[in-house]
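See structure below.
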Amino acid sequence: MFGDCFAGKAGIEVGGPSQVFSKKGIFPVYPLVGSLDNCNFSAATVWDGKVPAGCGYRFDPGKPAGRQYVAEATDMSGLSSNAYDFVLSSHMLEHTANPIRALLEWKRLLKEGGLLVLLLPDRELTFDHRRPVTPFAHLIDDYKANVAEDDLTHLPEILTLHDLARDPEAGGPEAFELRCLKNIENRCLHHHVFDMELAMSLVEYAGFRRKASESVAPHHLLLVAQK
Ligand SMILES: C[S@@+](CC[C@H](N)C(=O)[O-])C[C@H]1O[C@@H](n2cnc3c(N)ncnc32)[C@H](O)[C@@H]1O
């Protein structure tokens, strides 16, 4: 399903690379694509180490490296509109303070008819399971208020309800709080918590047409939508 939308086509990932898109992943598009660029907020992240801007985005051993852009997911203004056949994003959207702005930016990059593949954490199965699903109205308010990545509105909720027992990498409560306070540097925070209904509302609000949605083990919400 959807194979033709990726075979030989040009795409961009935001916050890649991602195991889910690899040969053995749940949505194995890397081996199919013609080319794939990537955007990350920094040239050095806790997930991937140093990946400087330029031609060094390595995502599949059988494919040429793509171009690495260093930019916010919500502001990729250095990139042309209507340039890509598809956008990939796995477990990234929960890390931005302004998901609607990000989705609108990704839609701008897509050609008419281009596909968005979006994966989000299924809260029930992650360290967010005690947090409430973020109200859709809150995300619209964030968009209208042009909320930026230094936003820490959700910090009290996160410090109270984040399940550290399910997040050993976060360390103890003090280390976790310190990391959260430095979120603008590390971007580890899950600003918002999604379920499938909220994810679908968001992509539709951003003007995409939903093509498929599925919960996939071990902890993914998967959505495919079209510009
Ligand atoms: C949880 S990791 C997911 C990594 C990978 N996509 C996966 O599924 O395993 C989040 C990724 O999004 C990137 N990221 C977080 N906030 C970002 C932002 N505002 N703009 C661009 N990239 C961001 C992080 O640096 C990291 O690469």
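Any read-out appearing in this document is the output of simple, stated calculations on the displayed coordinates, not a laboratory observation. Since the structure is predicted, the reported quantities are computational estimates derived from the model, not experimental observations. Glycine gets a Cβ as well: all are built from the backbone with ideal geometry, and neighbour counts include every protein chain shown.
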Sticking with the crude label model, points 7 Å out along Cα→Cβ, report the distance from residue 77 to residue 185 in nm, one decimal please. 2.7 nm
List, largest first, the extents of the alpha carbons of segment 1-58 along their principal axes, each in whole Å. 34, 21, 14
For residue 160, the net charge from surrounding residues (Cβ-Cβ under 14 Å; K, R +1; D, E -1) works out to -2
Evaluate the distance, in nm, between pseudo-label points positioned 7 Å from the Cα of residue 136 and of residue 169 along their respective Cα→Cβ axes. 3.2 nm
Neighbouring Cβ atoms within 10 Å as the yardstick, rank 153, 74, 45, 126 fewest first. 153, 45, 126, 74
What list of ³J(HN,Hα) couplings, whole Hz, do you get for segment 148-163 from phi and the Karplus terms 6.51, -1.76, 1.60, once you set θ to phi - 60° and write x for glycine and proline? 9, 6, 8, 5, 10, 3, 8, 4, x, 4, 5, 5, 7, 10, 4, 8
Provide the descending list of Cα extents for the chain along its principal axes, expressed in whole angstroms. 47, 35, 34
Segment 109-227 - charge dipole about Cα centre, Lys and Arg +1 at Cβ, Asp and Glu -1, debye rounded to 20: 480 debye
So for 67, 209, 123, fewest C-beta neighbours within 10 Å to most, what's the order? 209, 67, 123
Using θ = phi - 60° and the Karplus curve 6.51 cos²θ - 1.76 cosθ + 1.60, what whole-Hz ³J(HN,Hα) does each residue of segment 19-36 get, with Gly and Pro shown as x? 4, 4, 9, 7, 3, 9, x, 7, 9, x, 8, 3, x, 8, 5, x, 8, 8
For residue 211, residues with placed amide H under 5 Å, excluding near neighbours: 224, 225, 226
At 4 °C and 1.567 mPa s, what whole-number value in µm²/s does Stokes-Einstein give for the translational diffusion of segment 94-227, with Rh from the Kirkwood sum over Cα pairs? 83 µm²/s
Just tell me which aspartates and glutamates come within less than 20 Å, Cα to Cα, of residue 50; anything on the same chain fewer than 8 places away is out. 13, 37, 60, 72, 169, 185
The long-range amide H neighbours of residue 13, using H built 1.01 Å from N in the peptide plane and a cut-off of under 5 Å, are 37, 38, 39, 88
Between residue 216 and residue 150, what length comes free when the chain is fully extended (0.36 nm per residue of separation minus the Cα-Cα distance, one decimal in nm)? 20.6 nm
The long-range amide H neighbours of residue 33, using H built 1.01 Å from N in the peptide plane and a cut-off of under 5 Å, are 8
Do you know the relative contact order of the chain, to the nearest whole percent, from alpha carbon pairs under 8 angstrom that are 6+ apart? 19 percent
Run the simple label-point estimate for residue 50 and residue 111 please: 7 Å along Cα→C-beta, distance reported in nm. 3.7 nm
